[in-house]
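Notes follow the structure.
The values are calculated or read from the model by the stated rules, or taken from the named source; none is laboratory data. Values in this document were obtained by computation on a predicted structure and should not be read as measured data. Virtual Cβ from ideal backbone geometry, glycine too; neighbours counted across all protein chains shown. We work out accessible area using only protein heavy atoms, side chains counted, and drop any ligands, DNA or RNA first. Shrake-Rupley method; radii C 1.70, N 1.55, O 1.52, S 1.80 Å.
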Amino acid sequence: AFATLVARDPRLRLLIAGRRGHASARLDAALRRLRLDGAVRFVGHRDDVPELLAAADIFVFPSLYEGLGGALIEAMALGLPIVASDLPAIREVVEEGRNAILVPPASPSDLAGAIDWLVDDPARRAAMGARSREIFEERFTLERSVERMVELYRRVARA
């Protein structure tokens, strides 16, 4: 699916952060076979994730299982529009259609379609990114977290 996007717009680049695993050699071979080795980079474990995110236009999170959307919150802090798997933990963090496009897990064609839609619509990308930052400010700053925790303690103390 990504090959189709790159064929249409050769400026697209995909950075994949994280440890290399047992499937790395197969992935490298597939990228060479599809002639995507110049468009996809495995950057390994990184300590500079905020800098990588700041350079991105779209945050793509095709998780099959997610317990907590911490990476999504980081992307939202930097004002990125999101394309992610439609999972309960992800729905708790994003607002579908407002800052994120959610797609069925393990559906490369839906994932590519959502990315393609955002690539083709810079105004939509900007609006969704702005909403990501707003959601972060409303719900996920340290100050908001402390306020919510204090309120929880007050409710428990009253009960």
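Measuring nothing but protein heavy atoms, the accessible surface of the chain at 1.4 Å probe radius is 56 percent carbon and sulfur.
Among the chymotrypsin sites (Phe, Trp or Tyr not before Pro) within the stretch 1-74, those in coil by DSSP and having at most 11 neighbouring Cβ atoms inside 10 Å are Tyr65.
Note on the stretch 29-159: antiparallel DSSP beta bridges, both residues inside, total approximately 0 percent of the bridges counted. The phi-based Karplus calculation (6.51 cos²θ - 1.76 cosθ + 1.60; θ = phi - 60°) puts the 3J(HN,Hα) values of the stretch 34-51 at 8, 6, 10, 4, x, 9, 10, 10, 8, 9, x, 5, 10, 9, 10, 4, x, 5 Hz, whole numbers, x for Gly and Pro.
Roughly how many Å² is the accessible area per residue of the stretch 107-158, as a whole number, for a 1.4 Å probe? Numbers along the way, then the final one.
Working: 3430 Å² over 52 residues.
Roughly 66 Å² per residue, with all protein chains present.
Amide H to amide H distances under 5 Å link Val83 with Phe59, Val60, Phe61, Ile101, where only residues 5 or more positions off or on other chains count and H is placed in the peptide plane. When the chain is treated as a Gaussian network with alpha carbon springs shorter than 10 Å, the biggest mean-square fluctuation among Ala23, Ala126, Ala75 belongs to Ala23. Considering all C-alpha pairs of the chain, those separated by over 26 Å amount to 32%. Working note: 222 nm ellipticity from helices only, DSSP H runs with n ≥ 4, each -39,500 (n - 2.57), summed and divided by the residues of the chain, gives -15500 deg cm²/dmol to the nearest 500. For a modelled paramagnetic label at Arg154, 7 Å from Cα along Cα-to-Cβ, the residues of the stretch 104-148 in reach, with backbone nitrogen under 15 Å, are 144-148. Each of Thr141 and Leu14 was given a label point 7 Å from its Cα along the Cα-to-Cβ line. The distance between the two points is 3.6 nm.
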